[in-house]
Amino acid sequence: METCASCGGPLPARAGRRGRSSVYCSAACRQKAYRERQDGGGDLEELIASVGRQAGALVPRPAAALYAGVTELSASVARLRRIARLAQETTGVRESGNQSVTEARVTEYAEPPSEEVPFDETGFAALTESYRREIRAHCYRMTGSYDDAEDLVQETFLRAWRARDGYQGRAGARTWLYRIATNACLDFQRRTARRPQRYEPLPGMDHGAGRPPARITWLQPYPDDELPAAGDGRPEEAAVSRETVELVLLAALQHLPARQRAALVLRDVLGLTAAETAKALDVSVASVNSALQRARPALREQLPASRTDWKAAPPTDVQRAALQRYMTAAERLDFDAMADMLAEDVTLTMPPNPFWFTGRDALLAFLRPSLDPASPVFLGHWRHLPARANGQLAAGGYVRRPGTNVYRAQVLDVLRFDGEGRITEITSFEPHLFPAFGLPPRL
């Protein structure tokens with residue numbers, strides 16, 4: 001009998017279900033394991049010891065236990081690798097002098113924290129690693145791009161390393177790092193000058209009668225497993241929840257000017273005080289309040305009409321069942337079943353690509369040839385793996401093209417449903433971020 005990788009109890013029977021096997025017996029055990037994977041970033045010696053214990057506990061059978069053990073070990077080794085890499089990079093910074101990563105900073109560095117900051121490379125790297133998840137989520141909200149957020153986290157930690165000598169003991173490490181990260185994001189926004197556009201019609205293509213949606217070419221999905229967990233020893237992380245990275249919110253945020261966006265995220269998402277936000281942005285409290293008065297109504301204008309605020313509801317059982325039907329219909333090439341799942345006003349976008357559709361008829365006209373084996377543009381046979389992105393249900397799609405026998409990663413569909421389980425929005429992303437979601441490149 002297969003056992004839970006957390007508590008050792010028996011796993012529930014699969015009862016004919018398809019897809020990957022669970023390695024935990026309940027949501028509680030899964031969350032416990034998730035918290036354990038996050039813990040340990042601040043004590044380098046304990047992390048090294050933990051890697052040794054996890055490696056020594058590996059057993060070849062049962063397969064589920066081996067998979068769970070290797071997953072835990074891989075997460076720990078990845079944390080250790082990041083700490084070592086940052087320590088190495090900060091060593092290089094110390095030896096090469098205080099050179100800025102970016103030119104012409106918008107704001108100056110923040111004052112270092114009141115809690116003790118290690119001045120050796122490995123200790124400093126271990127401290128910053130413990131904040132990596134929430135700083136990366138913050139950079140993602142500011143930029144809308146997972147790749148850019150990864151780069152900005154690294155830049156934030158290097159800036160923090162350079163600024164550590166100016167310690168004056170007026171802020172906590174978390175607030176300090178958020179201020180540096182916000183400044184790095186503002187610098188990035190100044191350099192790139194990104195602005196959302198509207199999709200434009202493509203020749204010979206029926207896009208539907210609806211208004212063209214916003215086109216945000218840099219928008220990328222964010223894996224739920226990479227988000228900080230609320231309430232696992234750091235109370236303020238409760239603010240960094242899945243509802244604050246929903247795609248519809250991320251897209252709306254991109255319409256705000258950079259400083260308005262920063263003020264709204266720091267105040268309304270992270271819960272910083274007006275004074276802390278003003279200090280982070282190097283402006284007055286009055287300027288922060290003024291920015292918020294403009295940002296909040298502007299954000300609401302970009303949200304769907306059915307939403308009264310930016311907070312998202314978690315997926316329901318009805319929606320999870322709808323995701324399974326969606327994957328099954330695609331695998332069976334069941335065009336009628338897929339048509340029944342789409343809302344009349346469904347929207348499909350494919351950032352960064354220029355394709356878009358509004359309305360069920362236009363979307364079905366686009367999909368029909370690719371799902372018909374008799375069509376000359378038949379794409380191939382599909383398989384899917386469930387995923388979670390931006391607090392939403394998602395599906396990683398794999399295609400076995402005609403004449404081949406391997407299913408290769410093709411698309412990550414992030415879905416939005418109405419209350420009855422009909423699909424109202426599909427955002428399809430290219431597969432280069434599959435590894436971040438724990439999805440293999442082929443089946």
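I'd like to check something: does the range 279-299 contain any residue that is within 29 Å of P212 (Cβ to Cβ), out of contact with any strand residue (DSSP E or B) (no Cβ under 9 Å at 6 or more places or on another chain) and of a type in the set (D, E, K, R)? Yes, the range 279-299 contains a residue that is within 29 Å of P212 (Cβ to Cβ), out of contact with any strand residue (DSSP E or B) (no Cβ under 9 Å at 6 or more places or on another chain) and of a type in the set (D, E, K, R). Evaluated against (1) among the polar types (S, T, N, Q); (2) farther than 19 Å from P257 by Cα; (3) modelled with pLDDT of 95 or more, T128 falls short on exactly one condition, (3).
Just one of the numbered conditions (1) among the polar types (S, T, N, Q); (2) closer than 25 Å to P386 by Cα; (3) buried (at least 16 other Cβ atoms within 10 Å of the Cβ) is not true of Q302: (2).
Going through L152, L58 one at a time, which residue ends up being open to solvent by less than 30 Å² (accessible area, probe 1.4 Å), out of contact with any Asp or Glu (no Cβ under 8 Å at 6 or more places or on another chain) and modelled with pLDDT of 55 or more? Just a single option satisfies the conditions, and that option is L152.
Answer yes if at least one residue in the range 90-107 is in contact with a Lys or Arg (Cβ under 9 Å, 6 or more places away or on another chain), surrounded by 15 or more Cβ atoms within 10 Å (Cβ to Cβ) and at pLDDT 60 or above, and no otherwise. Scanning the range 90-107, I find no residue that is in contact with a Lys or Arg (Cβ under 9 Å, 6 or more places away or on another chain), surrounded by 15 or more Cβ atoms within 10 Å (Cβ to Cβ) and at pLDDT 60 or above, so the answer is no.
Enumerate the helices (runs of 4 or more DSSP H) found wholly within the range 305-381, keeping only those where 1 or more residues are open to solvent by 40 Å² or more (accessible area, probe 1.4 Å) and among the aliphatic types (A, V, I, L, M). I'd like the intermediate steps shown before the answer.
Numbers: elements: 317-331, 335-341, 360-371.
It comes to 317-331, 360-371.
When A280 is tested against (1) open to solvent by 20 Å² or more (accessible area, probe 1.4 Å); (2) at pLDDT below 90; (3) farther than 30 Å from F417 by Cβ; (4) of a type outside the set (V, I, T), just one condition goes unmet, and that condition is (1). On inspection, R53 fails the criterion of being within 15 Å of L127 (Cα to Cα) and either at pLDDT 70 or above or within 24 Å of the chain's Cα centre (by Cα) (or both).
Let's see how each residue does on (1) over 23 Å from E200 (Cβ atoms); (2) of a type in the set (A, V, I, L, M, F, W, C); (3) touching a residue at least 24 places away in the same chain (Cβ under 8 Å):
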| position | (1), (2), (3) |
| --- | --- |
| D334 | yes, no, no |
| F355 | no, yes, yes |
| P373 | yes, no, yes |
| P376 | yes, no, no |
| G380 | yes, no, yes |
| R408 | yes, no, yes |
| H432 | yes, no, no |
| L439 | yes, yes, yes |
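Scanning the range 306-325 for any residue that is more than 20 Å from A214 (Cα to Cα) and aromatic (F, W, Y) turns up nothing. Taking the range 283-293 as the range and being within 28 Å of the chain's Cα centre (by Cα) and buried (at least 16 other Cβ atoms within 10 Å of the Cβ) as the test, the residues that pass are V288, A291, L292. For A181, the criteria (1) modelled with pLDDT of 85 or more; (2) among the small types (G, A, S); (3) over 19 Å from the mean Cα position of the chain (by Cα) hold in every case but one, which is (3). Contact annotation: residue pairs with Cβ atoms under 8 Å, 6 or more positions apart or on different chains, pairing a residue in the range 261-276 that is within 14 Å of S287 (Cβ to Cβ) with a partner that is open to solvent by less than 50 Å² (accessible area, probe 1.4 Å) and in a loop (DSSP other than H, G, I, E, B), are L264/L256; L266/L272.
Tally up the residues in the range 390-415 that are more than 16 Å from A322 (Cβ to Cβ), part of a strand (DSSP E or B) and within 15 Å of the chain's Cα centre (by Cα), please. Counting residues in the range 390-415 that are more than 16 Å from A322 (Cβ to Cβ), part of a strand (DSSP E or B) and within 15 Å of the chain's Cα centre (by Cα) gives 2. Here G40 clears all of (1) at pLDDT 75 or above; (2) part of a loop (DSSP other than H, G, I, E, B); (3) under 15 Å from A125 (Cβ atoms) except the condition numbered (1).
Being open to solvent by 50 Å² or more (accessible area, probe 1.4 Å) and of a type outside the set (S, T, Y) is the filter here, so list the residues in the range 398-424 that pass it.
Those that are open to solvent by 50 Å² or more (accessible area, probe 1.4 Å) and of a type outside the set (S, T, Y): R400, R401, P402, G403, N405, R408, Q410, R416, G419, E420, R422.
The values are calculated or read from the model by the stated rules, or taken from the named source; none is laboratory data. Worth saying up front: this structure is predicted, and the values here are computed from it rather than measured. Heads up, the Cβs are rebuilt from the backbone with ideal geometry, glycines too, and the neighbour counts pull from every protein chain shown. What goes into the accessible areas is simple: the full protein's heavy atoms, side chains included, and nothing from ligands, DNA or RNA. Shrake-Rupley method; radii C 1.70, N 1.55, O 1.52, S 1.80 Å.
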